[in-house]
Amino acid sequence: MNFITMAANLNEPINSISVTMGKAERQLAIKEIIATKDIASQEELAKELWRRGFEANQATLSRDMKELGIAKVITAEGARYQLQPDHEAQRLKTLLAYEIETIQANDCLVIIKTLRGRASGVAEILDQLAIPDILGTIAGDNTIFIAPTSSKKIPALVKRIKEIVLQTEAK
């Protein structure tokens, strides 16, 4: 069965509401599918996307999987697609550079100012990066309070966040 004839061969019902969904929504769906199901082929992935209301040909799936850092790995159950954590972390770090406006600190907190409405997303990315010196984050609309594990670690934490944002080794 190929991707073109697949729609006629699915036996499962799909949502009858036709919705135009973009690349970001499709890529999010791909990540969710890969994270929750054992997918061994692009054909299986295309079927799962179809069930969620997305149409994607093989070329589109290949591009999406490359952009998302999805690779086929050998497991005890056979070959499966998996999201490569290093690629995802790099993609998240790149997003930070666009979202963060300033990074400041005092004796007890690190404060990050972001673009309006982006603090929550930036805080979530910082949390996902699992930086050891961060105890926790609290986000408002455009401000993030970062609680360090120790006030003594604030200078190192600020340096580390700047390294991530600038994608360089800070001096």
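Values in this text are rule-based calculations from the coordinates and carry no lab data. Bear in mind the structure is a predicted one, so any value in this text is a computation, not a measurement. No Cβ is skipped: glycine too gets one built from the backbone with ideal geometry, and neighbour counts run over all protein chains shown.
Quick notes
- 3J(HN,Hα) from dihedral phi, region 56-69, Karplus parametrisation 6.51/-1.76/1.60, rounded to Hz, x for glycine, proline: 8, 7, 5, 5, 5, 4, 4, 5, 4, 5, 5, 4, 7, x
- The alpha-carbon of residue 162 sits under 29 angstrom from the alpha-carbons of these lysines, leaving out residues fewer than 8 places away in its chain: 31, 66, 93, 113, 152, 153, 171.
- Tensor-based shape of region 40-84 (alpha-carbon gyration tensor, a/c under 1.5 rounded, otherwise prolate or oblate): oblate
- Proximity of backbone amide H atoms, modeled 1.01 Å from N, is registered between residue 110 and 146 at under 5 Å, excluding neighbours fewer than 5 places apart on the same chain.
- Annotation: peptides 74-81, 119-126, 154-161, 33-40, ranked by per-residue average of other Cβ atoms within 10 Å with the highest first, follow the order 119-126, 154-161, 33-40, 74-81.
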